[in-house]
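Shown next, in structure tokens, is the structure this report addresses.
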């Protein structure tokens, strides 16, 4: 046995058995220990990196689920606002911006890191993963943009509708002053409101209007006072008071018309926002469904 061992060491390494055990074997053992140490270190690093990737991936998925819930709430908020805009009356408009509809938490990870976690850390379906990564980034960008659009659109709505309402108030006050001062003005001009067609109709209409519920609302006033008064004031030969009152009557009519038309414009705009949110929601659901399927399949294989 000893001669055979000696022969092997001599044939392979050109040294005796004794020399081999004194020099070569310890060196080989040292190399193996070094390689094993590198392997353990690599394995530890891989395991740590794997856990970090898993945690970050779970965080991305959980935040995506938060966004899905926020999308649903934001749609409800928009729908409520649209219902307010559909009302033919003056209301106090409210619009809720859902604070959780915010992609900043996912953004904080960084697009490069997200790409590494969702695409590069897997060995299969690279093209499909890249497709869903791009979709996720696109949806996050859309949500970020819509946040600002919602606020701007709502602020613009209130500013413009308030302007029309202010124009209405200015002119309805002129009409009210005309009515309230009729005793002094008409007597000084020796005009009898009973025998004048315009004045008789206007004062009767004005009195009837003040008896209607919510008569100060511009939409109620339009139907009960403004339209009929304009028709009478535009007779072929109205008196001087018909001419005086015609301008504020027309201004009131235009204010209501502009208020109504602008509400319709904003209704269509916010309905488009709901469509956009639905599209984003569908894409995020597809994203989660794909990765849940992949991870569940991987777990079963493991």
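Within the range 142-155, the residues that satisfy the criterion of being over 11 Å from the mean Cα position of the chain (by Cα) and either without any contact (Cβ under 8 Å) to a residue 24 or more places away in the chain or at positive phi (or both) are 152, 155. Please tell me if residue 257 is more than 23 Å from residue 182 (Cα to Cα) and either in contact with a helix residue (DSSP H, G or I) (Cβ under 8 Å, 6 or more places away or on another chain) or surrounded by 18 or more Cβ atoms within 10 Å (Cβ to Cβ) (or both). Criteria not met by residue 257. The condition of being surrounded by fewer than 14 Cβ atoms within 10 Å (Cβ to Cβ), out of contact with any strand residue (DSSP E or B) (no Cβ under 9 Å at 6 or more places or on another chain) and modelled with pLDDT of 95 or more holds for residue 268.
Residues are listed down the side, and each one gets a yes or a no for (1) farther than 15 Å from residue 280 by Cβ; (2) under 25 Å from the mean Cα position of the chain (by Cα):
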| residue | (1), (2) |
| --- | --- |
| 99 | yes, yes |
| 105 | yes, yes |
| 119 | yes, no |
| 128 | yes, no |
| 133 | yes, yes |
| 136 | no, yes |
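Suppose the filter is farther than 30 Å from residue 97 by Cβ, in a helix (DSSP H, G or I), touching a helix residue (DSSP H, G or I) at 6+ places or on another chain (Cβ under 9 Å) and touching a residue at least 12 places away in the same chain (Cβ under 8 Å); does residue 176 pass it? Considered against the rule, which asks whether it is farther than 30 Å from residue 97 by Cβ, in a helix (DSSP H, G or I), touching a helix residue (DSSP H, G or I) at 6+ places or on another chain (Cβ under 9 Å) and touching a residue at least 12 places away in the same chain (Cβ under 8 Å), residue 176 comes out as no. Checked against the criterion of being without any contact (Cβ under 8 Å) to a residue 24 or more places away in the chain, in a helix (DSSP H, G or I) and surrounded by fewer than 18 Cβ atoms within 10 Å (Cβ to Cβ), the candidates 96, 113, 127, 170 yield just one match: 127. Looking at 257, 243, 286, just one residue is farther than 30 Å from residue 66 by Cβ, assigned to a helix (DSSP H, G or I) and modelled with pLDDT under 95, and that residue is 243.
The values are calculated or read from the model by the stated rules, or taken from the named source; none is laboratory data. As the structure is a computational prediction, the values presented were derived from the model and not from experiment. Please note: Cβ atoms are built from the backbone with ideal geometry, for glycine as well, and neighbour counts cover all protein chains shown.
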